[in-house]
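Participant: Before I ask anything, let me first share the structure, which is written out below as structure tokens.
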């Protein structure tokens with residue numbers, strides 16, 4: 001017997017058991033694949049399948065809790081795959097002594113559209129993101145900032161604003177936590193708490209672009 | 001409007017068939033084929049998220065999957081250029 005609160009919609013309750021069942025089947029298929037595979041890269045690709053199974057089981061909860069649990073799961077999976085790919089490649093580089101660049105062709109374009117279009121597109125994306133606020137707005141504004149700075153780098157202009165952006169991101173994170181504290185400690189100021197949290201997470205997610213930039217700087221430097 | 005369950009069960013079928021195709025499908029000894037096959041369960045999972053109305057999870061999942069595919073493809077190509085055994 002499963003205890004279900006009344007607020008959960010009957011549709012979600014009806015597909016709960018099939019969803020969990022499918023998740024377990026897919027996980028078993030993925031783990032079987034990993035157990036018979038010897039090559040490290042192939043195993044890494046197969047962990048994707050196990051990740052999908054994990055996401056199905058989390059999604060089966062079917063409430064906002066599921067949505068908030070899916071995000072960290074995805075981010076952790078992404079970070080893990082990035083790290084393991086890096087390890088595999090550096091091991092191979094040490095073994096063979098050869099090194100291969102991240103970007104296949106040298107990036108040095110000199111086109112007129114690269115000087116005019118990025119500013120316009122970045123401004124529109126940042127304004128639209130600020131209008132949306134919250135997580136989605138942050139993602140859109142971050143895309144705009146990243147696009148602008150990338151186009152600067154591609155043109156060969158030095159862009160050294162990453163450290164400052166990373167600092168602002170940390171401050172915005174504190175803002176977000178303060179917003180949550182206000183919601184719990186002073187519930188009568190809920191609007192202030194909501195705004196702090198919304199714009200804190202907006203700035204935080206937008207400036208996550210800085211993280212990608214810090215990684216890219218080392219790669220682009222060696223032309 | 002079509003029944004909600006259609007999307008859910010289509011998603012489940014795609015996930016199971018896709019994961020089988022990734023593990024024992026034809027030509028999966030080539031890592032490139034295997035990486036492209038993982039897109040099938042990804043589409044199935046997107047349909048399942050869609051059934052549950054998890055918009056932000058769906059958005060993040062699509063973004064993360066495309067980034068993961070990019071990383072994996074570039075890793076495969078770089079390892080092949082270095083002459084590694086795949």
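Taken together, the values in this text are just the output of simple stated rules run on the coordinates, not laboratory data. Everything quoted here is computed from the prediction, not taken from an experiment. Cβ coordinates were reconstructed from backbone atoms using ideal geometry, including for glycine residues, and neighbour counts include every protein chain displayed.
Participant: Going through the stretch A:1-23 one residue at a time, which ones are within 10 Å of chain B (Cβ to nearest Cβ), within 18 Å of residue A:64 (Cβ to Cβ) and under 29 Å from the mean Cα position of the chain (by Cα)?
Facilitator: Residues satisfying the conditions are A:12, A:15, A:19.
Participant: What's the number of the condition residue B:59 fails, among (1) over 30 Å from residue A:97 (Cβ atoms); (2) touching a residue at least 12 places away in the same chain (Cβ under 8 Å)?
Facilitator: (2)
Participant: Starting from the stretch A:190-207, keep only residues that are crowded, with 20+ Cβ neighbours inside 10 Å, then list their pairs with residues that are outside any helix (DSSP H, G or I) whose Cβ atoms are within a distance under 7 Å, requiring at least 6 positions of separation or different chains.
Facilitator: Every condition considered, the pairs that remain are A:202/A:133.
Participant: Of the numbered conditions (1) surrounded by fewer than 19 Cβ atoms within 10 Å (Cβ to Cβ); (2) within 7 Å of another protein chain (Cβ to nearest Cβ); (3) under 26 Å from residue B:23 (Cα atoms), residue A:49 fails exactly one; give the number of that condition.
Facilitator: So the condition that residue A:49 fails would be (1).
Participant: Name the residue that is surrounded by the fewest Cβ atoms within 10 Å (Cβ to Cβ), counting only residues in the stretch A:24-45 that are facing another protein chain (nearest Cβ under 7 Å) and either closer than 17 Å to residue A:83 by Cβ or touching a strand residue (DSSP E or B) at 6+ places or on another chain (Cβ under 8 Å) (or both).
Facilitator: A:41
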